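The values are calculated or read from the model by the stated rules, or taken from the named source; none is laboratory data. Just so you know, these numbers come straight off a predicted model, no measurement behind them. Here Cβ is always computed from backbone atoms with ideal geometry, including for glycine, and neighbour counts include all displayed protein chains. These accessible areas exclude ligands, DNA and RNA; they are computed on the full protein's heavy atoms, side chains included. Shrake-Rupley method; radii C 1.70, N 1.55, O 1.52, S 1.80 Å.
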Amino acid sequence: MEVAVASRTLAVWEHRKVVGLLVRRDLKVKYQQSVLGYAWTMLEPLALTLVYFFVFGLVLEADRGIPEEAKPYGGYILFLVAGILPWTTFGAILSEAPKAMITHSKLITTMKVPREIFPMATVGTKFVEYLLTWPVLLIFVFALGGRFTWEGMLVWLPLAIVLTFAFGLGVTLFLASVNVLLRDVERLTRILTRILFYGSAILFPASMVLHSDGVPGWAKTIYELNPLMGIFQMHRTVWFAGFEELTPSPLAVTSAVVGSILMLAIGYWTFRRLEMSVLKEL
């Protein structure tokens, strides 16, 4: 098993240029007839941020979960932006994951390359789009007085990015193969995306749930065991390092790391297990 995994990994590395070509092709096709082009990558999450800030920040007062000491460093608006931008990328991965093999069906049946390349290209495209959202984030950081810390830049940011795309790749490998054989998966994924959005503390600090007297202890534990909650907490902690209420707990960090590794392993195992059946169906 280990030899097979190493062999496939080497084969993927040898064909890494194919991944790059697929990523460039997907980006070109997506924006080729758009007047604003890549600007939409920044405009869409920016529009969402403004809507959610009005609803959750002004109407529902979710900013009460932000420590007073953190408000001079961007407060709730920066907290919201730092969560919505990576979620937009991850949500796009979930949206595209079930179609990763079907979209490339002609290439898969004609090209002699490791099939893992096609789900990897899907995730790679979203990674490039994630990088394109950083100008929006940095504008908010500088405009709102956000702070850079060594802890945030050297610990939380690399960890958040690696775990986001490791988890995303695992999900894509799993959904891409299963959806070819069971097309209901794509519809189920849409429902799951909504649940994960509100269950991953994107719009409000996780402490509002974890410190609430109205939420049962078992529900808090399940909430904290959601790997995505810890991952998106890490994305915000980049700018709010040192604030306990906005820093993931040891349980959340452990769940994020272990959950991402498990999701990647399960996704790869499922993909390899169903590969021949998928090829026959395509």
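Ligands, DNA and RNA are left out, and with a 1.4 angstrom probe the accessible area of the chain is 51 Å² per residue. Between the helical axis of 184-199 and the longest alpha-carbon principal axis of the chain there is an angle of about 20 degrees. For the chain, modelled as a GNM whose springs connect Cα atoms under 10 angstrom apart, the maximal fluctuation among 60, 251, 46 occurs at 60. Within straight-line reach of residue 126, meaning a Cα separation under 30 Å, sit the following lysines at least 8 residues removed in sequence or on another chain: 17, 28, 30, 99, 106, 112, 280.
Taking the Cα centre of the chain as origin and assigning +1 to Lys and Arg Cβ atoms and -1 to Asp and Glu Cβ atoms, the resulting dipole is close to 1280 debye. Along the charge dipole of the chain, which of 169, 146, 233 sits closest to the positive end, that is, farthest toward it, with unit charges on the beta carbon of Lys, Arg, Asp and Glu (+1, +1, -1, -1)? Of 169, 146, 233, it is 169. Adding -39500 (n - 2.57) for every DSSP H run of four residues or longer, then dividing by how many residues the chain holds, sets the calculated 222 nm ellipticity at -23500 deg cm²/dmol. When the charge dipole of the range 151-282 is built from unit charges on Cβ atoms (+1 for Lys and Arg, -1 for Asp and Glu) and taken about the Cα centre, the candidate among 209, 180, 198 whose Cα reaches farthest toward its positive end is 180. Listed values (i) 1.04; (ii) 0.91; (iii) 1.11 include one computed from this model; for Cα Rg over 2.2 N^0.38 Å that value carries the label (i). On the protein heavy atoms, probe 1.4 angstrom, tell me the percent of accessible surface of the range 1-281 carried by carbon and sulfur. Ligands and nucleic acids excluded, carbon and sulfur give 68 percent.
Listed peptides 131-141, 112-122 appear in the order 112-122, 131-141 once ranked by packing, highest mean of other Cβ atoms within 10 Å at the front.
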